[in-house]
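The block underneath contains the structure these notes are about, expressed in structure tokens.
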């Protein structure tokens with residue numbers, strides 16, 4: 001018989017097993033599944049470092065480039081709840097999670113092909129190489145980009161859920177699983193940014209350079225080929241080595257399924273999310289507000305970090321000369337440094353929290369640091385403009401001075417500190433606050449995800465017009481992000497409740 005609490009609380013996005021959970025799996029299986037994060041984040045790093053410059057190379061104006069990044073938050077908003085809901089209820093003989101993981105990896109491969117060959121396919125369909133804008137190539141790129149973001153969300157959610165299944169309620173193994181997932185995220189980032197920083201990688205794949213695809217485009221293809229090979233490799237090993245019991249076997253039949261699946265045809269996962277908002281307590285609402293402002297600050301930089309390096313620091317112009325491409329590769333190097341710092345700091349979040357007097361104070365401090373770094377992009381840009389030099393008879397600027405380059409790369413590296421906190425503390429706080437109110441962890445993280453993707457959608461829509469209002473470039477959005485980061489830091493220290501003394505930030509791994 002259902003309890004009173006079950007009648008008043010919104011159901012979790014997870015299926016409650018009718019039998020006691022099985023024993024936790026060996027650590028080696030957890031590591032194998034967690035390694036999928038390296039393949040996912042290799043491709044994610046390439047998106048952040050190379051795709052904004054590439055879509056502008058196809059002729060998309062800077063004004064419209066940010067709209068393409070709507071793909072990520074929209075797909076996250078729609079796909080994560082749906083995939084999470086139905087992977088919980090999947091009755092395939094291969095298990096609940098593995099079919100979604102395999103399908104996600106296959107979809108990533110298709111998307112990568114479309115993105116890498118968008119210039120060639122557009123040319124085959126009639127794009128003129130003499131014109132700056134290639135509409136058919138842009139169309140293929142955008143279609144592939146949407147598939148890629150949908151596939152990444154389809155892949156990442158079930159992968160995290162499978163790690164939780166393998167831990168089987170063991171808190172120590174849950175922390176360990178999330179720790180390994182975060183570690184492999186950092187590994188994937190470092191590999192992806194290192195590949196993006198190597199401007200000569202295409203020489204190892206000579207077939208990638210074509211009439212419609214220049215050196216930068218060919219290098220992007222080469223990076224994606226390596227990315228998909230890594231993802232397929234780790235995914236195949238994981239789905240073959242780690243077995244799952246079908247859902248019916250775990251539950252002993254379909255008893256009780258009617259109540260679980262009621263309304264499945266109308267996507268009940270979204271109804272559950274809406275119902276959860278009616279149950280939120282004040283601490284969770286404050287957490288959502290701080291997280292929302294935090295991502296308003298982060299997303300402009302994540303969209304245009306390498307573009308800023310190429311345009312404002314190196315003084316390059318898309319499709320003209322070599323300065324822009326050199327700046328993109330330098331930005332990829334900066335993102336690799338960022339990932340190294342991210343990985344190191346992620347291992348010491350608990351220590352840092354004790355040093356500064358608590359997690360909410362730590363989050364506030366690093367958000368102030370984020371604001372300072374975003375504001376400092378203005379100073380670095382001005383220094384780069386004042387010291388810019390040109391070779392005799394050339395309109396292509398020389399690389400910036402060593403001091404300017406060091407300052408720009410230092411900003412990338414220092415930003416790894418607040419990024420490590422962004423990838424850990426909000427998710428752990430959501431778990432703590434929801435547990436105190438009686439909500440399920442899957443439901444609480446789905447609610448928190450809305451505070452991440454909705455700001456990203458907002459920034460994607462307003463970023464282009466906002467930058468254009470102040471004459472173009474990336475600095476207006478960065479300055480607005482600095483203001484949002486400062487507000488997030490102040491609210492975190494003043495309004496956010498402190499978690500219990502035994503709270504461990506590392507219990508929830510990084511997420512994007």
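Scanning segment 52-72 for residues being modelled with pLDDT under 70 and assigned to a helix (DSSP H, G or I) gives a total of 10.
Only residues that are under 18 Å from residue 222 (Cα atoms) and either without any contact (Cβ under 8 Å) to a residue 24 or more places away in the chain or not assigned by TED's automatic domain parsing to the domain that holds residue 222 (or both) were counted across segment 113-141, and they come to 1. Tallying residues that are exposed (fewer than 15 other Cβ atoms within 10 Å of the Cβ) and in a helix (DSSP H, G or I) within segment 90-104 yields 0. When 335, 302 are screened for being in the same structural domain as residue 498 (by TED's automatic domain parsing) and modelled with pLDDT of 85 or more, only 335 passes. Might you check whether a residue that is touching a helix residue (DSSP H, G or I) at 6+ places or on another chain (Cβ under 8 Å), outside the structural domain of residue 58 (by TED's automatic domain parsing), at pLDDT below 85 and over 16 Å from residue 404 (Cα atoms) occurs anywhere in segment 309-318? Yes - at least one qualifying residue is present in segment 309-318.
Mind telling me which of the residues 181, 224, 141 ends up being modelled with pLDDT under 80, out of contact with any strand residue (DSSP E or B) (no Cβ under 8 Å at 6 or more places or on another chain), surrounded by 24 or more Cβ atoms within 10 Å (Cβ to Cβ) and part of a helix (DSSP H, G or I)? Exactly one residue qualifies, and that residue is 181.
The values are calculated or read from the model by the stated rules, or taken from the named source; none is laboratory data. What you see is a predicted model; the values in this text were computed from it and never measured. Note that each Cβ is placed from the backbone with ideal geometry, even for glycine, and that neighbours are counted across all protein chains shown.
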